[in-house]
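A short write-up of the structure that comes next.
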Amino acid sequence: MREQGGGGLYDCLLVYLNQQDCNVYEMEAIKPRLMKISTDKGIFIAKQFANQTRLLMQLEFLKKLRNTGFKGAYLFSDKIKPFECKGKSIGFLEYLPKHSKTYTFENYSERLEGLALIKQMHEASAKIIDDLIMNKYTFSQVSKWRERLDEFILNSSRLKRIIPDSVLVEYVRMGEWTLNMLGNYELEDVDEKPVIIHGDLAHHNFFRKDNGELLLIDFDLMAEAPPMIDYLQYANRLLIFNNCSLKEILSFPQLKKYRDNPFFLVGLCFPTDIYREWNRVCRDQLWNSTRRLDALWDITVEDLPKRLHFFRELKRRIGLLS
């Protein structure tokens with residue numbers, strides 16, 4: 001990886017690709033730090049990474065993951081090498097045409113499909129975890145959630161303009177109770193061998209190729225942890241789509257084994273989706289996004305009775321286990 005001159009991502013890419021004798025036909029910004037590039041060597045996705053370590057970790061991991069036979073993730077291109085530009089680490093991913101049907105959590109079959117893909121990724125990563133050269137990040141669910149709840153509490157003074165104070169109190173109470181309870185359970189005691197988890201299982205990090213095949217993308221938060229951490233995050237994201245159904249959560253083949261696991265059950269009580277979305281509104285000043293605020297009102301205020309019922313149901317189940 002060589003240091004290149006230039007300004008922003010666009011300028012850095014033009015300078016570097018010119019030095020690589022690569023003719024650029026078109027450059028299209030997809031997201032911040034993500035650009036589609038059409039060249040005489042093919043079409044690529046240029047991505048800016050947090051740092052060089054993160055880029056090299058993903059490059060090594062995804063290559064070795066593919067060598068196990070797992071094909072449920074993208075690869076870095078072997079035609080253009082990654083490079084450094086003004087402190088920015090930039091890599092080139094293969095371009096994958098997407099399907100007209102976007103992956104969502106809204107129907108049961110896609111929930112099952114996502115869980116099956118996660119399991120396959122975990123099984124493949126277990127085969128290579130000891131062979132990875134790059135230092136592996138370790139994951140702390142409790143500290144991550146503590147930061148999210150603290151940010152939500154700080155934002156509460158602004159959120160009171162929209163959300164009834166009594167509702168905010170209930171969500172803070174649920175979060176504090178969950179973190180207090182999780183302190184009684186050591187993640188290291190979970191009876192699972194660590195794997196490389198994805199760490200950010202939002203619906204937009206599942207990508208359906210034009211042939212219908214489902215892939216995982218964006219491994220920026222990959223880390224070493226028990227598989228349960230990915231499954232807990234995935235299950236938390238399903239709650240707003242399945243009417244907070246504990247029965248459904250524990251019916252999935254990959255999640256059944258956690259039905260008596262205190263860490264998993266307590267973790268389901270943490271309303272991380274509520275904190276995440278309202279924190280984003282405050283952070284990005286999205287107060288004029290009526291559609292977003294209406295949707296958040298529904299899952300925060302209108303769905304509070306469902307959430308409280310779910311919370312009480314989990315507490316009863318945990319009580320039966322203790």
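The values are calculated or read from the model by the stated rules, or taken from the named source; none is laboratory data. In this text the structure is predicted, and so the values were computed from the model without any measurement. All Cβ positions, even for glycine, are placed from backbone atoms using ideal geometry, and neighbour counts span all protein chains on display. Heavy atoms of the whole protein, side chains included, go into the accessibility calculation; ligands, DNA and RNA do not. Shrake-Rupley method; radii C 1.70, N 1.55, O 1.52, S 1.80 Å.
Which number in (1) closer than 30 Å to GLY175 by Cα; (2) polar (S, T, N, Q); (3) within 17 Å of the chain's Cα centre (by Cα) marks the one condition that THR102 misses?
(1)
Given the options HIS198, HIS203, name the one that is closer than 25 Å to SER143 by Cα and open to solvent by 40 Å² or more (accessible area, probe 1.4 Å).
HIS203
When you look at ASP150, is it among the acidic types (Asp, Glu), at pLDDT below 95 and in a helix (DSSP H, G or I), yes or no?
Spelling it out, it is not the case that ASP150 is among the acidic types (Asp, Glu), at pLDDT below 95 and in a helix (DSSP H, G or I).
Going through the stretch 24-44 one residue at a time, which ones are exposed (fewer than 11 other Cβ atoms within 10 Å of the Cβ) and under 13 Å from ILE80 (Cβ atoms)?
ASP40
Which one is farthest from GLU60 (Cα to Cα), of the residues in the stretch 84-111 that are among the hydroxyl-bearing types (Ser, Thr, Tyr) and part of a helix (DSSP H, G or I)?
Looking at residues that are among the hydroxyl-bearing types (Ser, Thr, Tyr) and part of a helix (DSSP H, G or I), I get TYR108.
Tell me whether the stretch 158-167 contains one or more residues that are more than 24 Å from LYS193 (Cα to Cα), among the β-branched types (Val, Ile, Thr), in a helix (DSSP H, G or I) and in contact (Cβ under 8 Å) with a residue 60 or more places away in the chain.
yes
Within the stretch 79-93, can one find any residue that is over 18 Å from the mean Cα position of the chain (by Cα), of a type in the set (Ser, Thr, Tyr) and more than 27 Å from ALA225 (Cα to Cα)?
For the stretch 79-93, residues over 18 Å from the mean Cα position of the chain (by Cα), of a type in the set (Ser, Thr, Tyr) and more than 27 Å from ALA225 (Cα to Cα): absent.
Is it the case that LEU96 is more than 26 Å from ARG280 (Cβ to Cβ) and either among the aliphatic types (A, V, I, L, M) or free of Cβ contacts under 8 Å to residues at least 12 places away in the same chain (or both)?
When the stated conditions are applied, LEU96 passes them.
Take the stretch 168-193 and flag every residue that is closer than 29 Å to ASP294 by Cβ, touching a residue at least 12 places away in the same chain (Cβ under 8 Å) and open to solvent by 20 Å² or more (accessible area, probe 1.4 Å).
Once the filter is applied, which keeps residues that are closer than 29 Å to ASP294 by Cβ, touching a residue at least 12 places away in the same chain (Cβ under 8 Å) and open to solvent by 20 Å² or more (accessible area, probe 1.4 Å), the stretch 168-193 yields GLU170, VAL172, GLU176, TRP177.
Which of the numbered conditions does GLY114 fail, given that it passes all the others? Conditions: (1) outside any helix (DSSP H, G or I); (2) of a type outside the set (A, V, I, L, M); (3) buried (at least 21 other Cβ atoms within 10 Å of the Cβ).
(1)
What pairs come up if the first residue lies in the stretch 108-121 and is within 16 Å of ILE240 (Cα to Cα), the second is open to solvent by less than 10 Å² (accessible area, probe 1.4 Å) and part of a helix (DSSP H, G or I), and their beta carbons are under 9 Å apart, counting only those six or more places apart or on different chains?
ARG111/TYR234; ARG111/LEU238
Based on this model, can you work out whether SER289 counts as closer than 18 Å to GLU110 by Cα and among the hydroxyl-bearing types (Ser, Thr, Tyr)?
Criteria not met by SER289.
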